[in-house]
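Visitor: Here's a structure for you.
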Amino acid sequence: MLLSGIKGAWRIAQTTSVLARNGFDWLRGDRPPTPKLLRETFEDLGATYIKLGQFIASSPTLFPEEYVEEFQACLDQTEPLPYSYIESVLQKELRQPLDQVFSEINPKALASASIAQVHAARLVTGEDVVIKVQKPGVEHVIHTDLNFIHLAMKILEMITPHLEMASLSEIVNEIQKSMIDECDFLKEAQNIEAFQKFLDNTDNHLVVVPKVYHQATSRRVLTMERLYGVSMTDLDAIKRYSDNPELTLRIAMNTWFASLHQCEIFHADVHAGNLMVLEDGRVGFIDFGIVGRLTPGTWDAMNDFGEALIAGDYETMANAMVVVGITKQKVDTVKLSYDLEKFIKRVDGMQSVSYLDITETENDINKLMTDFVRMAKRHGIQFPRQFGLLIKQLLYFDRYRHVMAIDLVAEDYMSFLN
Ligand SMILES: Nc1ncnc2c1ncn2[C@@H]1O[C@H](COP(=O)(O)OP(=O)(O)OP(=O)(O)O)[C@@H](O)[C@H]1O
């Protein structure tokens, strides 16, 4: 889509003024901006750039560690927009009087991020729902921000000088595609329903995803069943709803692992805030905006990796890493297996940690991820982003396991993997 008309012109003016305010002289030179300056600028520039920042934060396999680290702090919680704006999006999108769809909508937002705002509501048919409403203008900005592509290429080129132009433009395309996907709530609805189908196929009644109400859903409005419970960040609250928190976590992990090869998508953003323990003790998965897809080859290698991990067979793990990664040189798998052993022992040694705080956990996990990626790079292996998402998720679950003092035996891992 072309950047056109007054809105496009306004957006250019807006971007230019933020850049000027933040002293973006570096754009004309060769020196990259400091990670902090870049992050603050992205936050000022709004949704498109915040998403670019989050992409950098979640891609330690691609970007330098100081940027990945700094962008963990890229804020995606914003002041809620006044309800009148949200109401106008709802009216435009649902194309019918709102009181024919909802008997009530709470004007106070439950949550507000750069792309969307979430409100609690009730359908005229009586069901309690939440409505995720895209903020006005977001999709237009993301579709038409041509100067975004230009600027993003320039920024990425500066912070990753070792990457070739071809891979850079591939990355920018991937970023744009994932942003556009995240703005299409019909896609998110499809992801939720793909996961539901997987739960049905595997007879899994212990995990739920919110039911989607299609009569009140569009590209910019997602109306779904309201799940009542607590997020998994709150260990004490979990204990209130579950007699057996270990089992609850086991169920969440087990389900996620099974989805890797039995579901067409996997949830690629399962931090504790997106996992809920419901009042009846079941586990709820929410926020399917970021998902991954595994190719059968990656799944097989991942499976080998997992089985070798259980058996303590570091050389087979090293071979599996070579299969998944992109290598330009011959990898010395014996040396790699020594480094892997050291790494796994370090992860195992982090048993003393006893918090589930989201930021702290993110920090620790990113540190481990960075080290893992650095180790692979030292051996000439570059991982695709999907594999990075997967390993990060594994480290997350490993952290939950330690925090909840769950002693998983080898059979547990095996059952997760099969
Ligand atoms: N089905 C639901 N039932 C109850 N609460 C929900 C539901 N869906 C979302 N929420 C609440 O709204 C918050 C934001 O929802 P969601 O994560 O889908 O939006 P988001 O804009 O992608 O936010 P973020 O990316 O910051 O997590 C959740 O953390 C949760 O508190």
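Visitor: First select every other residue whose beta carbon is under 9 angstrom from the beta carbon of GLU188; then total the charges, Lys and Arg +1, Asp and Glu -1.
Guide: -2
Visitor: Tally Lys and Arg at +1 and Asp and Glu at -1 over the other residues with C-beta under 14 Å from the C-beta of LYS92: what net charge comes out?
Guide: Net charge in that neighbourhood comes out at +1.
Visitor: Counting only protein heavy atoms, what percent of the accessible surface of the range 216-337 is carbon or sulfur at a 1.4 Å probe?
Guide: Details: 2450 of 5320 Å².
Carbon and sulfur together cover 46 percent of it.
Visitor: Tell me the net charge near ASN201. Cut-off is 14 Å between Cβ atoms, ASN201 excluded, with +1 for each Lys or Arg and -1 for each Asp or Glu.
Guide: -3
Visitor: So what are the ³J(HN,Hα) numbers for the range 49-57, from phi and the Karplus equation (6.51, -1.76, 1.60; θ = phi - 60°), rounded to whole Hz, Gly and Pro as x?
Guide: In residue order, the calculated couplings are 7, 4, 5, 4, x, 5, 5, 4, 4 Hz.
Visitor: Follow-up question, since we're still on this one. Once amide H atoms are built 1.01 Å from N in the peptide plane, which residues 5 or more positions from SER58, or in another chain, come under 5 Å H to H?
Guide: Long-range HN contacts for SER58: none found.
Visitor: Which distance in Å, rounded to a whole number, links the C-alpha centroids of the range 294-332 and the range 167-190?
Guide: 28 Å
Visitor: OK, next. Between TYR338 and GLU157, what FRET efficiency comes out of the Förster formula 1/(1 + (r/R0)^6) with R0 = 25 Å and r the beta carbon distance, rounded to 0.05?
Guide: Working: r = 35 Å, r/R0 = 1.41.
With R0 = 25 Å, the Cβ-Cβ based efficiency is 0.10.
Visitor: Would you please give the residues with an amide H less than 5 Å from that of VAL291, counting only those at least 5 places away or on a separate chain, with H modeled from the backbone geometry?
Guide: Here the answer is ALA268, since their amide H atoms fall under 5 Å of that of VAL291.
Visitor: Report the relative contact order of the range 190-293, percent, no decimals, based on alpha-carbon pairs under 8 angstrom and at least 6 residues apart.
Guide: 33 percent
Visitor: On a 1.4 Å probe surface of the protein chains, which of SER84, SER59 comes out largest in accessible area, and what is the full order? Don't jump to the answer; show the numbers that get you there.
Guide: Details: SER84 75, SER59 0 Å².
Of SER84, SER59, the descending order of accessible area is SER84, SER59.
Visitor: Over the range 156-289, average the accessible area per residue using a 1.4 Å probe and give it in Å², no decimals.
Guide: Computed with neighbouring chains in place, this is 43 Å² per residue.
The values are calculated or read from the model by the stated rules, or taken from the named source; none is laboratory data. Small disclaimer: the values here were computed from a predicted structure and weren't measured. With ideal geometry, Cβ positions are generated from the backbone for all residues, glycine too; neighbour counts draw on all protein chains shown. Accessible surface areas use protein heavy atoms only, side chains included; no ligands, DNA or RNA. Shrake-Rupley method; radii C 1.70, N 1.55, O 1.52, S 1.80 Å.
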